[in-house]
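Undergrad: This structure is in structure tokens; I'll ask about it shortly.
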Amino acid sequence: MGDRMWIQIKCGGCGELNPSTKDYEEDPMENGVYYAPSSGFMDFRCWSCGKDNWIGSGYHGIVVDKKELKRRYKEEGFE
């Protein structure tokens with residue numbers, strides 16, 4: 001089993017933190033962005049602008065469309 005974590009991350013589109021600092025500090029396991037690459041959790045949808053983001057190395061969001069998101073998961077071995 002690989003690493004699993006709840007993170008706070010900026011959207012690659014609008015730059016908003018997901019989740020907000022207040023929500024993250026309140027309960028990171030409930031409100032944080034779930035990131036578990038070995039289990040296929042490598043993206044999130046921004047709560048502010050609604051854009052899909054791939055979680056890149058260094059834990060930063062990269063805005064992707066549905067086709068790009070599917071391609072990236074396939075490259076990681078998830079189909």
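The values are calculated or read from the model by the stated rules, or taken from the named source; none is laboratory data. From a predicted model like this one, the values you see are computed outputs, not experimental measurements. Reconstructed Cβ throughout: ideal geometry from the backbone, glycine too, with neighbour counts over all protein chains shown.
Undergrad: Being touching a helix residue (DSSP H, G or I) at 6+ places or on another chain (Cβ under 9 Å) and either part of a strand (DSSP E or B) or in contact (Cβ under 8 Å) with a residue 12 or more places away in the chain (or both) is the requirement here; does Gly2 meet it?
TA: So Gly2 fits the description; yes.
Listed here are the residues, each with its yes/no results for (1) among the small types (Gly, Ala, Ser); (2) not in a loop (DSSP other than H, G, I, E, B).
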site	(1), (2)
Tyr35	no, yes
Ser38	yes, yes
Phe44	no, yes
Ser48	yes, no
Gly61	yes, yes
Lys67	no, yes
Lys70	no, yes
Gly77	yes, no
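Undergrad: Also: Tell me, please, whether a residue that is small (Gly, Ala, Ser), in a loop (DSSP other than H, G, I, E, B) and surrounded by 14 or more Cβ atoms within 10 Å (Cβ to Cβ) can be found in region 50-58.
TA: No, region 50-58 has no match at all.
Undergrad: Provide a single number: the residues in region 42-53 that are under 19 Å from Glu75 (Cα atoms) and in contact (Cβ under 8 Å) with a residue 24 or more places away in the chain.
TA: Number satisfying all stated conditions: 4.
Undergrad: Among the residues of region 5-21, write down those that are in a loop (DSSP other than H, G, I, E, B) and surrounded by 14 or more Cβ atoms within 10 Å (Cβ to Cβ).
TA: Across region 5-21, the qualifying residues are Gln8, Cys11, Gly12, Gly13, Cys14, Glu16, Pro19, Ser20.
Undergrad: Mind checking which residues of region 25-79 are within 15 Å of Gln8 (Cα to Cα), hydroxyl-bearing (Ser, Thr, Tyr) and modelled with pLDDT of 95 or more?
TA: Passing the criteria: Tyr34, Tyr35, Ser48.
Undergrad: Quick one: would you say Tyr24 is in a strand (DSSP E or B), of a type in the set (Ser, Thr, Tyr) and buried (at least 18 other Cβ atoms within 10 Å of the Cβ)?
TA: For Tyr24, the condition - in a strand (DSSP E or B), of a type in the set (Ser, Thr, Tyr) and buried (at least 18 other Cβ atoms within 10 Å of the Cβ) - is not met.
Undergrad: Any idea which residue in region 27-49 is surrounded by the most Cβ atoms within 10 Å (Cβ to Cβ), counting only those that are aliphatic (A, V, I, L, M) and under 9 Å from the mean Cα position of the chain (by Cα)?
TA: Val33
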